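First comes the structure, then the notes that go with it.
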Amino acid sequence: MLEWSRQWLLEGDIVRCPYCHNYQPLSRGHRVFVHQEQCKGASFVEQYPWRWLAWNLRSL
Ligand SMILES: [Zn+2]
């Protein structure tokens, strides 16, 4: 979860990239996150932030 919050911002029902400020709504969580060109966030291994968040929460 700590690692998740270094790479993404949760704002209500959208996830935002803190580097390029692109966002993805929950309803598109099954799709890969789309960054602006040259965004440093695009180099992160995990590009499905909603799925990753769900994975982090499943042990509750
Ligand atoms: Zn980005």
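So which cysteines in the chain don't have a second cysteine's C-beta under 4.7 Å from them? Taking the Cβ cut-off of 4.7 Å, the unpaired cysteines of the chain are CYS17. Multiplying the residue separation of ALA54 and TYR23 by 0.36 nm and subtracting their alpha-carbon distance yields 9.4 nm. Applying the criteria of a DSSP loop state and at most 15 other Cβ atoms within 10 Å to the trypsin sites (Lys or Arg not before Pro) of the chain yields ARG31, ARG58. The relative contact order of the chain, computed from alpha carbon pairs under 8 Å that lie at least 6 residues apart in sequence, is 29 percent.
Counting other beta carbons within 10 Å of each residue's own, what order do HIS35, HIS30, HIS21 fall into, fewest first?
Starting with the residue having the fewest Cβ neighbours, the order is HIS30, HIS21, HIS35.
Computed from point charges on the beta carbon alone (+1 for Lys and Arg, -1 for Asp and Glu), the dipole magnitude for the chain about its Cα centre is near 100 Debye.
Kindly provide the helix-only [θ] at 222 nm of the chain, computed as the sum of -39,500 (n - 2.57) over DSSP H runs of four or more divided by all residues, to the nearest 500 deg cm²/dmol? Mind dumping the intermediate values first?
On the way: 2 runs with 15 residues, N = 60.
About -6500 deg cm²/dmol.
Farthest toward the positive end of the dipole of the chain, out of LEU10, SER43, SER59, is the Cα of SER59, where the dipole comes from beta carbon charges about the Cα centre.
Every read-out reported here was derived from the displayed coordinates using simple, explicitly stated rules and does not represent laboratory data. What you see is a predicted model, and the numbers here were worked out from it, not measured in a lab. Every residue, glycine as well, gets a Cβ built from its backbone with ideal geometry; the counts of neighbours run over all protein chains shown.
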